[in-house]
Amino acid sequence: MVLVLAIGDLHIPHRAPDLPPKFKSMLVPGKIQHIICTGNLCIKEVHDYFKTLCPDLHITRGEYDEDSRYPENKTLTIGQFKLGICHGHQVIPWGDLDSLAMVQRQLDVDILVTGHTHQFKAYKHEGGVVINPGSATGAYSSFTYDVNPSFVLMDIDGLRVVVYVYELIDGEVKVDKIDFKKTATAPSAH
Amino acid sequence: MLKGKKLKLPDRLGSLVAGFEDKDEDSGGSGSVSELGEELEILQPTGFRSDRESETDDDHDHNEVQEEEPMVKRKMKVDAELEHNGRQLRHEKDGLSHISVIKTIEVDEKRSDIEYEISQKEINLEKLQRIASTGIPEGGNLRATVWKLILGYLPPSRDLWEKELSENRKKYAKLKEELLLTPSELARMKEEAFQSNKHNNAHNDTAGPLIRHEISHEDHPLSLGKASVWHQYFEHTEIAEQIDRDLQRTHPEMKFFSGESSFGRKHRESMRNVLLLFSKLNPAIRYVQGMNEVLAPLYYVFSTDTDEKNASNAEADSFSCFVLLLSDSVDHFCQQLDNSSVGILSTLSRLSDLLKANDEELWRHLEFTSKVKPQYYGFRWITLLLTQEFNLQSILRIWDSLISSPFGIQEMLLRVCCAMLLCVKSRLLSGDFAANLKLLQHYPEINIEHLLQVAQDLTPDTS
């Protein structure tokens, strides 16, 4: 049972002052084993805050991040799953599933976590899954002002992943879950 | 004939004592602290011991012991044979082979007595208790079986054993399933039971957005709700971490418990399950540091059972016996009950009264002159059933007497504690607060049979 937090696009301090208080009260240290961050934090203070939640932090660079040392994309293996992270502003058209599928094949991962669109999405295709945790602060994006704050918590347990989606809708936290299993012999997507 | 032997022994005292001191020097870390240069009441051949006894000037108690000496001496030799780990006893075998024939016969007799008793259809618990309180011989599964019988885990009718054991073990496995699974495992099992069909369909889709399901009852990992399975799980991780830390420190000198071998880790994991389960079933006390020490001898005895089936179910058996063992003393662990009539302070004052009834001089010296109150040394003795004061072999022997005592475990425990005080009386009388406290908190090695005999002969406190 490994809990992985997928979060990103906070745009603190430029577009939002802080995480919504209801989210902050839920995110306490000691429960989460890994944090995957898609990017656009943007400042060091947010990085430090995430470090207090969990020491194992993986971040990729978003176009507004002040720290230029984050990588463009990253892969890691947790349990039986290979995860890949990429912010998504590099993938054109933004949010296009086929282009993201190309990145997934390139990184050779089972789950691709990507951001930039500030919209929560979870897609399954061709043996892989793309998850977009949305924006944790509800910051406006180039597409729309109307963004619900959201983030994702994945519970990886053997060959099964349960994805818990946390959204702040009308001031209330709504939690949904999605689960999927990795097929034991995953066919190569080439 | 025995008298003749008694006379011979003093001649050899010199060599024996010298031999002993050497052994003492190189027996390091056996878990109990033996202070160099201060051997005192440690097991010696009878002749030597009677010298020591004159130091402890209690009159009537020791006259009785003197008369019983031949029996006690024999039992002490029996104990000597049986203490595999007791390095301090090895020297005895060198000089006393002419008595060894007698002691081997003694052990075998006792072993066959016990085997006879437990092979009866309807076991006579009283008789078994009487034999057991003189010490259960090592080897086979005697100790494990006798403890289980006397604690009440096994019924006295042999026919019901199979049924009882398998029922209890099943119950334990069920409890484990209910309480010890991680929430994700629980969720997975539920899903597999209900939604296997739906799942298969969903996953045959090659592409498209994944279906979102509603969550019931705040059933997500970050939930702060009290009713949430996840919340309860995380609350217990703190306790689990504490248990893990303590288990690492249990009997570090023994391969059985410590070390990174899969063997040691398996045992620690079993003990962890037992303690975690206990803490979940007893939210009022949860887990208190030291419970691991009380569990250790039980688990050790049950796992080293020569019967394969019993050894592999040691976890389930030791859980039940752990609960039975702690049933009257569990209140000692609860801080809120400290000052009540069932709490530790009341038990400690009973210890004090017992000492007063048996040896007023020592009592006065401890209470008033050196102001060493029982709380300072007795707390650990009583709550942990003396597991921190002696090495494992001695603990097993002491527990033989505690468990099978007709007075009940707690009563006998108080007696043994009182006996511990009496046995170091001369040192206590000559010590001040600091010296006495140091002595009692690091109790010296001592002849266990002698200690238990003193405990047996105490006058009960009738106030």
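Only the coordinates and a few stated rules stand behind these numbers; no lab work does. Fair warning: this is a prediction, and the values are worked out from it, not measured in the lab. As a convention, Cβ positions derive from the backbone with ideal geometry for all residues, glycine included, and neighbour counts pool all protein chains shown.
A compact table of results
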| quantity | calculated |
| --- | --- |
| Within a Gaussian network of chain A (alpha carbon springs, distance under 10 Å), most fluctuating of A:135, A:68, A:150 | A:68 |
| Measure of compaction for the range A:91-190 (Cα Rg per 2.2 N^0.38 Å) | 1.14 |
| Student exercise, the range A:2-181 dipole from Lys, Arg, Asp, Glu Cβ charges, in Debye to nearest 20 | 340 debye |
| Distance between modelled label sites at residue B:180 and residue A:51, nm, 7 Å Cα→Cβ extension | 3.8 nm |
| Global form of the range A:79-123, assessed from the alpha-carbon gyration tensor, a/c cut-off 1.5 | prolate |
| Distance violations [Cα-Cα > 18 Å] among A:177/B:190; A:124/A:181; A:51/A:182; B:174/B:266; B:373/B:438 | A:51/A:182; B:174/B:266 |
| Three principal axis lengths of the range B:384-431 [C-alpha, angstrom, descending] | 35, 23, 15 |
| 0 to 90° range, to nearest 10: angle between helix A:44-53 axis and chain A longest Cα axis | 60 degrees |
| Helix A:97-107 axis, angle to chain A major axis (alpha carbon atoms, nearest 10°) | 70 degrees |
| Spatial separation of Cα centroids for the range A:1-80 and the range B:312-363, in angstrom | 51 Å |
| Contour minus Cα-Cα distance for residue B:430 and residue B:307 (0.36 nm per residue) | 39.2 nm |
| DSSP-loop trypsin sites (Lys or Arg not before Pro) across the range B:333-423, with at most 11 other Cβ within 10 angstrom | none |
| FRET efficiency, 1/(1 + (r/R0)^6) with R0 30 Å, evaluated for residue B:130 and residue B:104 via beta carbons | 0.85 |
| For chain A: span of alpha carbons on each principal axis (Å, largest first) | 45, 35, 32 |
| Theoretical FRET efficiency, 1/(1+(r/R0)^6), r = Cβ-Cβ of residue B:249 and residue B:376, R0 25 Å, to 0.05 | 0.65 |
| Label-point separation, residue B:116 to residue A:92 (7 Å along Cα→Cβ), nm | 9.8 nm |
| Residue B:367-residue B:162 FRET efficiency (beta carbon distance; Förster radius 60 Å; 0.05 resolution) | 0.65 |
| Distribution of pairwise C-alpha distances over the range B:371-463, 5 Å bins, in % | 3, 13, 26, 26, 20, 10, 3, 0 |
| The range A:2-181: antiparallel DSSP beta bridges as a percent of all, rounded to 5 | 70 percent |
